[in-house]
Amino acid sequence: MSYNPKKQAQHKEHVDQAIEKAQEERGQVLVITGNGKGKTTGGFGTLFRALGHQQKVAAVQFVKGDLECGERNLLEQLNVPVHTMNTGFSWNSEDKEVDKQAAQIAWQAAKSFITDPSLDLVLLDELTYMITWGFIELDDIITTLKQRPTEMSVVITGRAAHRELKEYADTISEVRPEKHAFHQGLKARQGLDW
Ligand code: ATP
Ligand code: MG
């Protein structure tokens with residue numbers, strides 16, 4: 001496909017018209033789901049975008065806290081509040097109640113962020129699994145999202161997002177794995193995968 005300035009101008013016109021039609025302005029809920037790579041990085045990318053506009057942000061990671069994570073390191077340097085599930089948490093734990101309790105503590109942190117009117121954006125990384133595994137009530141999540149401050153946006157990541165969560169979301173991106181280095185025997189890499 002060759003570059004056609006006329007087509008580009010037409011496309012821009014269509015986009016401009018659509019932008020003009022948009023009337024409502026409010027915070028939004030974005031779900032980044034699917035089996036491809038780019039959900040968590042997309043979520044943090046949005047957080048960094050907001051930070052670049054001096055907005056106030058916070059994040060909760062619904063994953064084991066002792067896993068290294070470049071984004072968390074950077075956010076801590078910037079004094080951005082990040083709650084990560086406590087290190088005692090293990091996906092392999094025999095005791096489901098222990099895992100559920102860790103998830104509940106993280107959810108309470110998430111709730112305090114989502115009800116904080118001074119925040120512009122909240123990232124709930126890997127939240128979808130908490131619903132799948134019954135660690136956090138879906139109704140509680142939807143109710144909390146509905147009651148959030150009007151200007152607040154929330155980004156939720158994780159595979160297999162629940163149908164009802166998707167119904168409530170304003171934007172859903174499904175990341176599809178066309179190819180992944182892992183399947184060619186390549187090791188996960190610092191700075192690229194975590
Ligand atoms: P990332 O954190 O890189 O944005 P993600 O959040 O989309 O990835 P997760 O499902 O949370 O993906 O998985 C986290 C880890 O698994 C990352 O190291 C990522 O590279 C790897 N991964 C993601 N998708 C795939 C896939 N389709 N096959 C194999 N590994 C994957
Ligand atoms: Mg992820």
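The values are calculated or read from the model by the stated rules, or taken from the named source; none is laboratory data. None of the values given here were measured: they were computed from a predicted structure. Virtual Cβ from ideal backbone geometry, glycine too; neighbours counted across all protein chains shown. Accessible surface areas use protein heavy atoms only, side chains included; no ligands, DNA or RNA. Shrake-Rupley method; radii C 1.70, N 1.55, O 1.52, S 1.80 Å.
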Extreme residue, positive dipole direction of the chain, given options 104, 81, 46 (C-beta unit charges): 46
Where the chain is the region considered: accessible area per residue in Å², 1.4 Å probe: 64
Check: segment 30-133 dipole with +1 on Lys, Arg Cβ and -1 on Asp, Glu Cβ, in debye: 320
Derived scalar couplings ³J(HN,Hα) [segment 4-9; Karplus, 6.51 cos²θ - 1.76 cosθ + 1.60; whole Hz; x for Gly, Pro]: 10, x, 5, 5, 4, 5
Above-threshold pairs, the threshold being 31 Å between Cα atoms, out of 6/179; 21/166; 37/111; 100/179; 21/111; 56/146: 6/179; 100/179; 21/111
Beta bridges by DSSP in the chain, antiparallel share as percent, to the nearest 5: 0
Electrostatic dipole magnitude of the chain [Cβ: Lys, Arg +1; Asp, Glu -1; Cα centre; debye, to 20]: 740
Cα gyration tensor shape for segment 1-92, rounded if a/c is under 1.5, else prolate or oblate: prolate
Rounded if a/c under 1.5, otherwise prolate or oblate - segment 27-176, Cα gyration tensor axes: rounded
Heavy-atom accessible area ranking, 1.4 Å probe, most first, across 166, 146: 146, 166
